[in-house]
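Working notes, structure below.
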Amino acid sequence: MNDPVRVEDLLRSLAPQVLGVLVRRRGDFAACEDAVQEALLSAAGSWPEDGLPDHPLGWLVQVALRRNTDHIRSERARREREEKAAREPAAGVAAGQDDSLTLLFMCCHPALTPASAIALCLRAVGGLTTAEIAGAYLVPEATMAQRISRAKQRLKASGAAFDVPEPGMADWESRLGSVLRVLYLMFNEGYTATRGPALHRTDLAAEAIRLARGVQRALPAEGEAASLLALMLLTEARRPARTGPSGELIPLAEQDRTRWDRRLIGEGAALLASTLGRGRPGEYRLQAAIAALHDDTARAEDTDWPQIAALYALLDQLADGANPMVALNRAVAVAMSEGPAAGLALLDTLDSGDGPLTDHHRLHAVRAHLLERAGEIPAAVEAYRAAAARTTSTPEQRYLIGRAARLRHGGAG
């Protein structure tokens with residue numbers, strides 16, 4: 001018997017490859033995705049009990065192809081064919097072939113708006129649920145479900161080719177921007193899961209890094225592709241120190257920095273250095289520079305917060321104030337460099353009553369942290385509780401509740 005969690009992780013990693021094979025062979029994105037989902041459900045039901053087939057990818061491809069061809073087949077015939085698929089590699093799947101990157105570019109076709117393309121990629125390639133994608137976009141789940149459905153219809157109507165476009169072609173910048181945004185959001189969900197019992201989804205973060213490496217290798221002249229990979233590596237390096245023995249969240253200032261992965265930090269810093277002189281810095285280069293400043297500091301109290309605040313100010317200008325998370329992080333950096341009152345003043349500009357962050361747990365959590373630093377303990381306790389009531393991440397919720405309890409009982413620190 002196989003561990004169901006191990007099977008689930010394997011299926012998540014194989015899903016985009018299976019979908020890529022089907023779309024390359026059959027072309028109908030929506031129908032292929034339905035067939036892949038059926039194959040994944042079949043595998044999730046049988047593999048934990050029956051054991052993994054000799055060729056899991058081949059098994060999934062064969063089953064998905066059959067579902068796509070004929071949904072009305074007898075249970076006996078289905079079992080016979082699936083047993084055969086488990087013994088043989090799938091026809092049409094070359095050794096080492098991985099269509100995930102091509103699928104990623106296809107989902108970012110110019111027929112789709114950037115927002116729709118990113119949402120579709122996160123669903124098809126990243127394996128995120130509609131609720132998780134909605135959380136990343138700060139929109140209702142029903143709105144995101146409609147957006148993804150329309151994206152599938154437009155992609156089918158466009159007759160999009162299953163290939164990676166060449167730099168310089170029409171809409172190239174927009175398409176590449178969507179691809180990089182997908183990988184960025186995918187990594188963020190893997191590094192800090194928006195819901196569930198675990199802080200990390202290591203499989204998702206690892207897949208985002210793998211795809212980012214593929215994009216960077218395919219497009220070595222693209223500075224933002226290298227910068228995004230650098231940002232991922234510099235951030236992922238801290239993961240071993242982000243949780244305690246019981247999976248509890250450990251904030252950046254309290255982490256044991258000797259546990260950070262120096263190899264990843266070195267690789268990320270080298271990639272970031274390679275982008276210098278490649279024109280005006282983009283958002284990923286600026287974010288990677290911020291991550292590098294954190295990683296280069298042996299002690300939290302030595303962090304160069306004025307420089308980080310300046311970089312966040314540049315990021316905010318680059319986004320023209322349209323990215324509330326950047327503004328939120330800037331408020332933290334300003335508070336650390338100029339004092340909590342300055343940071344709280346910036347937070348007040350984000351809490352407009354109907355803005356995307358007004359009811360978001362991160363706004364309340366940052367407010368609680370800054371109020372605590374300002375010595376306003378009752379208000380900080382209330383804000384921590386408000387944040388805990390709004391997050392769907394169990395580790396974050398436990399941390400926020402614990403922080404409120406310690407403050408309430410005079411145990412700040």
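Scan region 308-316 and give yes if some residue there is open to solvent by 60 Å² or more (accessible area, probe 1.4 Å) and of a type in the set (A, V, I, L, M, F, W, C), otherwise no.
Residues of region 308-316 that are open to solvent by 60 Å² or more (accessible area, probe 1.4 Å), as a first pass: 314.
In the following step, the residues that additionally are of a type in the set (A, V, I, L, M, F, W, C) were identified as 314.
Taking every residue of region 308-316 in turn, at least one turns out to be open to solvent by 60 Å² or more (accessible area, probe 1.4 Å) and of a type in the set (A, V, I, L, M, F, W, C).
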All helices (runs of 4 or more DSSP H) inside region 222-330 with 2 or more residues being under 23 Å from TYR399 (Cβ atoms): 223-236, 283-295, 305-318
The number of residues in region 349-378 that are open to solvent by 40 Å² or more (accessible area, probe 1.4 Å), at negative phi and either at pLDDT below 80 or in a helix (DSSP H, G or I) (or both) is 11
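Which of the following residues is in contact with a Cys (Cβ under 7 Å, 6 or more places away or on another chain) and not polar (S, T, N, Q): ARG175, ARG150, ARG154?
Details: ARG150 fails: in contact with a Cys (Cβ under 7 Å, 6 or more places away or on another chain); ARG154 fails: in contact with a Cys (Cβ under 7 Å, 6 or more places away or on another chain).
After applying the criteria, what remains is ARG175.
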Of the residues in region 155-180 that are in a helix (DSSP H, G or I) and either on the phi > 0 side of the Ramachandran plot or crowded, with 17+ Cβ neighbours inside 10 Å (or both), the one that is farthest from the chain's Cα centre (by Cα) is LEU155
Failed item in (1) farther than 28 Å from VAL366 by Cα; (2) open to solvent by less than 40 Å² (accessible area, probe 1.4 Å); (3) of a type outside the set (Lys, Arg), with LEU185 passing the rest: (1)
For region 5-56, the count of residues that are under 21 Å from CYS107 (Cα atoms) and free of Cβ contacts under 8 Å to residues at least 12 places away in the same chain equals 1
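From the set of residues in region 264-295 that are of a type in the set (D, E, K, R) and in contact (Cβ under 8 Å) with a residue 24 or more places away in the chain, which is least open to solvent (accessible area, probe 1.4 Å)?
Among residues in region 264-295 that are of a type in the set (D, E, K, R) and in contact (Cβ under 8 Å) with a residue 24 or more places away in the chain, the one least open to solvent (accessible area, probe 1.4 Å) is ASP295.
For region 207-222, give me each residue that is open to solvent by 30 Å² or more (accessible area, probe 1.4 Å), more than 15 Å from ARG278 (Cα to Cα) and aliphatic (A, V, I, L, M).
Residues of region 207-222 open to solvent by 30 Å² or more (accessible area, probe 1.4 Å): 210, 213, 216-218, 220-222.
This time we only want the ones that are more than 15 Å from ARG278 (Cα to Cα), so: 210, 213, 217-218.
ALA218, the sole residue that qualifies.
One residue is enough: does region 279-293 have a residue meeting the conditions over 23 Å from the mean Cα position of the chain (by Cα), of a type in the set (Gly, Ala, Ser) and within 18 Å of ARG213 (Cβ to Cβ)?
Among the residues of region 279-293, not one is over 23 Å from the mean Cα position of the chain (by Cα), of a type in the set (Gly, Ala, Ser) and within 18 Å of ARG213 (Cβ to Cβ), which makes the answer no.
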Counting just the residues of region 256-308 that are out of contact with any helix residue (DSSP H, G or I) (no Cβ under 7 Å at 6 or more places or on another chain) and acidic (Asp, Glu), which one comes out farthest from ALA335 (Cα to Cα)? ASP296
Out of curiosity, is ALA333 in a helix (DSSP H, G or I) and surrounded by 19 or more Cβ atoms within 10 Å (Cβ to Cβ)? yes
Can you name the condition, by its number, that PRO240 falls short on among (1) free of Cβ contacts under 8 Å to residues at least 40 places away in the same chain; (2) open to solvent by 30 Å² or more (accessible area, probe 1.4 Å); (3) closer than 24 Å to ASP99 by Cα; (4) touching a Lys or Arg at 6+ places or on another chain (Cβ under 6 Å)? (3)
Provide a single number: the residues in region 111-134 that are closer than 19 Å to ALA225 by Cα and assigned to a loop (DSSP other than H, G, I, E, B). 2
Quick check: is even one residue across region 208-221 in a helix (DSSP H, G or I), aliphatic (A, V, I, L, M), over 15 Å from LEU103 (Cα atoms) and modelled with pLDDT of 85 or more? yes
In region 25-42, what residues are under 13 Å from LEU14 (Cα atoms) and either in contact with an Asp or Glu (Cβ under 9 Å, 6 or more places away or on another chain) or buried (at least 23 other Cβ atoms within 10 Å of the Cβ) (or both)? VAL36, ALA39
What are the residue pairs meeting all of these: first residue in region 106-132, first residue under 13 Å from ASP171 (Cβ atoms), second residue of a type in the set (A, V, I, L, M, F, W, C) and in a loop (DSSP other than H, G, I, E, B), Cβ atoms under 6 Å, and 6 or more apart or on different chains? HIS109/ALA160; ALA117/CYS108
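The values are calculated or read from the model by the stated rules, or taken from the named source; none is laboratory data. Computed from a predicted model, the values in this text were never measured in an experiment. Methodologically, a virtual Cβ is constructed for each residue, glycine included, from the backbone with ideal geometry; neighbour enumeration extends over all protein chains shown. Side chains are part of the model used for accessible areas, which takes the heavy atoms of the whole protein and leaves out ligands, DNA and RNA. Shrake-Rupley method; radii C 1.70, N 1.55, O 1.52, S 1.80 Å.
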